[in-house]
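J.: Right, I'll just put the structure down here and ask away after.
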Amino acid sequence: MNNLSLYHELEKLLRMESRYCSEDGVLLKNSIVESALALRPDLIRMLLSHEGLKNNFFTEVDGLLVFDKIKFQKFVMNKRFLPDSYTSFKNKIGLTGDDGDFLAESREVVLSWPYKDCVLEGGQTKEDAKRNEVFWNEILAPDEINRLTEPKVLTNFARYDVDGKHEVDSISKDDNLIIKGNNLLALHSLLKTYRGKVKLIYIDPPYNTGNDGFQYNDSFNHSSWLTFMRNRLTVARELLREDGSIFVQCDDYEDAYLKVLMDDVFGKDNFRNKITWKRRGGSANPQNRLNNVTDYILWFSKSQNMYYQPIFSLDDENTQKYIKERFTFTDEQGRKYMKSPLQSPNPRPNLMYEYKGYKVPTNGWSISKEIMEQWDAESRLVFPEDKSQNINRKVFLDEYKGQPISSLWNDIYVINPMSKEAVDFVGQKPEVLIQRIIDMVTLKGDLVLDYHLGSGTTAAVAHKMERRYIGIEQMDYIETVTVERLKKVIGTKTPSGMFATVECDQGGISKAVGWQGGGSFVYCELAKANQNFADQIITTTTKEQLTTIWQAMQETGFLSWKIDPRVIDQSATDFAALSLDDTKRFLIECLDKNLLYIPHSEIDNTEFAISDTDKQLNSQFYGKL
């Protein structure tokens, strides 16, 4: 029996077993190979039941049949067998155990979805490209990836400060960075220099709603979106410090899947909170559902050794209620205070002590006798004339920090379009929201990362709060929206008599933190290789232009290993018969995705023409000097 017949016979046999076949009839190649390597009895029995397969993959040794699993693996992994099947995960989203069985079959669960073991590069750069999501949702199988995540060359450096834009002659780890380019590849490029150095990651990624105003390609299906998120979260975790935290914003469309995904990446024990932000926005008249006025922020730490500083609020409606219920008084010195009861909420034998003849509360006092004496000496207690009444503590309002915030954030509102902090960007988050997160888990000088930078809110707030930051954005508006916003945060010098003053952004949190401008950031880009072709293909409007691009692509030699240009007929048959969009799809697929951007290891390749200045700056960035 020849190999072609064996392929057909094996495929027919495997389709009889649901373990190796998805619900829509696709055979799962990697699942088959894994079962063979694990010597699963059901697969062995199946192969032995077919005489041709038995003779091909088993050898008799001293009366025993020995299975040649390596030969079987090579046979199954041949491209002629199941050419469209390369993922080990079933084509179904659900909670599964480590063995791939779904929740009903296992108590140990992880989130599983099609192509979980693959990579979604997701390189959209144009806002209108969201209508052509097929160009940006290409899934790369593990055996297609070799140099994709290598560190990339950085280029087009520019430094911005109060004196304007400058050439960059040197960079250091203390510089604030704004990087334009694919965020997955940029994250991997950061690893060598910043692994374990980031204190806080905040991202506001595509919500996968398919209809919101966020200009990323947000119409991924569940599987693609989960792959997209997992690829980036996995490397983001490597960038976090051991005491660091990550906050991921989402809505109710994907938050359940995202929670289980982050449990898998960061560990269930490192889940801190699901914060509900009551933003008081949303559609006034939604169809078939309630008006959605909340977003969610999932907070995970890198480890149990995380840094956290409690935050208090005076603006929260619960805080206002707390103060109002306790009334306010004025003491002899004119200081306003409110009374706070000192009785313990639970029985505490060690707090059942007598003090100045006053009746001991049923559960005892809420503080020790030593603290009671200290507060008494500081005139921080209120003693009623009737000693059967409770002693109260004075809480002076001029030093009252407020109530500790909870996981419900209902005191932060969406941005007023007429406010100073508003920029022309749908989905812009208020600066006070990011300020609260930064206050909770960082100190001055700590490093903050946002790899879905958008309008630049995270970088703007980090700059005003004296944190270092790295922002990554792959959309072209990084130059017209994000960079321009950060330039205003830094401000510009204006002559004023003998001195110069700095005019800077006074919106958002500027007044609250006393922002007066200053500081700097360095802008740079991932150096493009095949991405140049991808950009040209997307923006091209004629078949003639695509033919020219195709000819240039072949001259570079940077084509996918799956493509043999010698067998492609560009005459009036295959190539010319395709529609414009289908031709674009074909050319995008021909590109080697491992070389969308220039690997740093190729920086001296004359074909890429990297300048000496860029070589020096890359050496400093990657610590090569």
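The values are calculated or read from the model by the stated rules, or taken from the named source; none is laboratory data. Model, not experiment: these values are computed from the prediction. Please note: Cβ atoms are built from the backbone with ideal geometry, for glycine as well, and neighbour counts cover all protein chains shown. We work out accessible area using only protein heavy atoms, side chains counted, and drop any ligands, DNA or RNA first. Shrake-Rupley method; radii C 1.70, N 1.55, O 1.52, S 1.80 Å.
J.: Among A512, A500, which is among the aliphatic types (A, V, I, L, M), in a helix (DSSP H, G or I) and open to solvent by 30 Å² or more (accessible area, probe 1.4 Å)? Show your work before the answer.
T.: Details: A500 fails: in a helix (DSSP H, G or I).
Every option except A512 fails the conditions.
J.: Oh, and also: Write out, first by first residue and then by second, each pair whose Cβ atoms fall under 6 Å of each other, whose residues are 6+ apart or on separate chains, and whose first residue, in the range 578-601, is farther than 20 Å from T547 by Cα while the second is aromatic (F, W, Y) and part of a helix (DSSP H, G or I).
T.: Every condition considered, the pairs that remain are I598/F608.
J.: Related question: Restricting the range 486-497 to residues that are open to solvent by less than 20 Å² (accessible area, probe 1.4 Å) and within 28 Å of the chain's Cα centre (by Cα), which is nearest to D424 (Cα to Cα)? Outline the logic, then answer.
T.: The first filter runs over the range 486-497 and keeps only residues open to solvent by less than 20 Å² (accessible area, probe 1.4 Å), leaving 486, 489-491.
Narrowing the set further to residues that are within 28 Å of the chain's Cα centre (by Cα) leaves 486, 489-490.
Values: L486: 14, V489: 16, I490: 19 Å.
Here the answer is L486.
J.: Pairs only if they're at least six apart or on different chains, beta carbon under 8 angstrom, first in the range 519-531 and at pLDDT below 95, second open to solvent by 10 Å² or more (accessible area, probe 1.4 Å) and in a loop (DSSP other than H, G, I, E, B); list them, first residue then second.
T.: Between residues of the range 519-531 that are at pLDDT below 95 and residues that are open to solvent by 10 Å² or more (accessible area, probe 1.4 Å) and in a loop (DSSP other than H, G, I, E, B), the close pairs are A529/F558; N530/F558; N530/D592.
J.: May I pose another question? Return the pairs, sorted by first residue and then second, in which the second residue is among the polar types (S, T, N, Q) and open to solvent by 20 Å² or more (accessible area, probe 1.4 Å), the first residue lies in the range 246-267 and is under 26 Å from L290 (Cβ atoms), the beta carbons are less than 6 Å apart, and the residues are 6+ apart or on different chains.
T.: Y253/T209
J.: Return a yes/no flag: does the range 50-67 have any residue that is open to solvent by less than 30 Å² (accessible area, probe 1.4 Å), more than 30 Å from L258 (Cβ to Cβ) and at pLDDT below 70.
T.: no
J.: Related question: Please list, ordered by first then second residue, the pairs with beta carbon atoms under 6 Å, 6 or more apart or interchain, first in the range 379-392 and on the phi < 0 side of the Ramachandran plot and free of Cβ contacts under 8 Å to residues at least 60 places away in the same chain, second basic (K, R) and exposed (fewer than 15 other Cβ atoms within 10 Å of the Cβ).
T.: Short answer, once both residue conditions are applied: S388/K359.
J.: Restricting to the range 207-247, and then to whatever is among the aromatic types (F, W, Y) and touching a strand residue (DSSP E or B) at 6+ places or on another chain (Cβ under 7 Å), can you tell me which residue is modelled with the lowest pLDDT?
T.: Within the range 207-247, the subset among the aromatic types (F, W, Y) is 207, 214, 216, 220, 225, 228, 247.
Within this subset, residues satisfying the condition of being touching a strand residue (DSSP E or B) at 6+ places or on another chain (Cβ under 7 Å) are 207, 228, 247.
Numbers: Y207: 75, F228: 88, F247: 98.
Selected residue: Y207.
J.: If you don't mind, another one. I need every pair where a residue in the range 435-452 that is under 13 Å from L240 (Cα atoms) has its Cβ under 8 Å from the Cβ of a residue that is assigned to a helix (DSSP H, G or I) and of a type in the set (V, I, T), sequence separation at least 6 or different chains.
T.: Close Cβ pairs (under 8 Å, with a partner that is assigned to a helix (DSSP H, G or I) and of a type in the set (V, I, T)) amount to V448/I438; V448/T458; D450/T458.
J.: Checking C524 against (1) in contact with a helix residue (DSSP H, G or I) (Cβ under 6 Å, 6 or more places away or on another chain); (2) surrounded by 15 or more Cβ atoms within 10 Å (Cβ to Cβ), which test does it fail?
T.: Answer for C524: the failing condition is (1).
J.: Something else: Quickly run through the range 336-357 and pick out the residues that are within 25 Å of L397 (Cβ to Cβ) and either free of Cβ contacts under 8 Å to residues at least 60 places away in the same chain or open to solvent by less than 80 Å² (accessible area, probe 1.4 Å) (or both). Full working, then the answer.
T.: So the first thing to find is which residues in the range 336-357 are within 25 Å of L397 (Cβ to Cβ), and the list is 336-345.
Of everything in the range 336-357, those that are within 25 Å of L397 (Cβ to Cβ) and either free of Cβ contacts under 8 Å to residues at least 60 places away in the same chain or open to solvent by less than 80 Å² (accessible area, probe 1.4 Å) (or both) turn out to be Y337, M338, K339, S340, P341, L342, Q343, S344, P345.
J.: Being at pLDDT below 85 and over 28 Å from R272 (Cα atoms) is the filter here, so list the residues in the range 295-330 that pass it.
T.: Filtering the range 295-330 down to residues at pLDDT below 85 leaves 314-328.
Listed by number, the residues that qualify are I323, K324, E325, R326, F327, T328.
J.: Here's something else I'd like to know. Hey, among the residues in the range 11-56 that are of a type in the set (G, A, S) and free of Cβ contacts under 8 Å to residues at least 24 places away in the same chain, which one's farthest from K69 (Cα to Cα)?
T.: Ranking the candidates gives G25 first.
J.: Now, a different point. Every residue in the range 1-49 that is modelled with pLDDT of 85 or more, touching a Lys or Arg at 6+ places or on another chain (Cβ under 9 Å) and loosely packed, with under 10 Cβ neighbours inside 10 Å, please.
T.: none
J.: Keeping to the range 393-418, report how many residues are loosely packed, with under 13 Cβ neighbours inside 10 Å, closer than 27 Å to F247 by Cβ and touching a residue at least 12 places away in the same chain (Cβ under 8 Å).
T.: 2
J.: Could I ask something else about it? Can you tell which of G427, G445 is in a loop (DSSP other than H, G, I, E, B) and modelled with pLDDT of 95 or more? Outline the logic, then answer.
T.: On the way: G427 fails: modelled with pLDDT of 95 or more.
Step by step, each of G427, G445 is checked, and only G445 is in a loop (DSSP other than H, G, I, E, B) and modelled with pLDDT of 95 or more.
J.: For the range 584-625: of the residues being more than 24 Å from I538 (Cβ to Cβ), acidic (D, E) and touching a helix residue (DSSP H, G or I) at 6+ places or on another chain (Cβ under 9 Å), which is surrounded by the most Cβ atoms within 10 Å (Cβ to Cβ)? Please lay out each step first, then the result.
T.: Here is the first cut: in the range 584-625, the residues more than 24 Å from I538 (Cβ to Cβ) are 600-606, 610-625.
Checking the rest, the ones that are also acidic (D, E) come to 602, 604, 612, 614.
Those still in the list that are touching a helix residue (DSSP H, G or I) at 6+ places or on another chain (Cβ under 9 Å) too: 602, 604.
Details: E602: 17, D604: 8.
Among them, the one singled out is E602.
J.: If you take the residues of the range 44-76 that are touching an Asp or Glu at 6+ places or on another chain (Cβ under 8 Å) and not hydroxyl-bearing (S, T, Y), which of them is nearest to D143 (Cα to Cα)? Explain how you work it out, then say what you get.
T.: Initially, the range 44-76 is screened for residues touching an Asp or Glu at 6+ places or on another chain (Cβ under 8 Å), giving 46, 50, 52-53, 57-59, 66.
Subset that is not hydroxyl-bearing (S, T, Y): 46, 50, 52-53, 57-58, 66.
Working: M46: 27, H50: 30, G52: 29, L53: 26, F57: 24, F58: 27, V66: 28 Å.
Looking at residues that are touching an Asp or Glu at 6+ places or on another chain (Cβ under 8 Å) and not hydroxyl-bearing (S, T, Y), I get F57.
J.: Continuing with the same structure: Is it true that some residue in the range 142-160 is at pLDDT below 60, surrounded by fewer than 20 Cβ atoms within 10 Å (Cβ to Cβ), over 26 Å from F586 (Cα atoms) and touching a strand residue (DSSP E or B) at 6+ places or on another chain (Cβ under 6 Å)? Explain how you work it out, then say what you get.
T.: So in the range 142-160, the residues at pLDDT below 60 come out as none.
No, the range 142-160 contains no residue that is at pLDDT below 60, surrounded by fewer than 20 Cβ atoms within 10 Å (Cβ to Cβ), over 26 Å from F586 (Cα atoms) and touching a strand residue (DSSP E or B) at 6+ places or on another chain (Cβ under 6 Å).
J.: If the requirement is being touching a Ser or Thr at 6+ places or on another chain (Cβ under 9 Å) and either at pLDDT 95 or above or β-branched (V, I, T) (or both), which of these qualifies: V360, V382, V395?
T.: Numbers: V360 fails: touching a Ser or Thr at 6+ places or on another chain (Cβ under 9 Å); V382 fails: touching a Ser or Thr at 6+ places or on another chain (Cβ under 9 Å).
The conditions single out V395.
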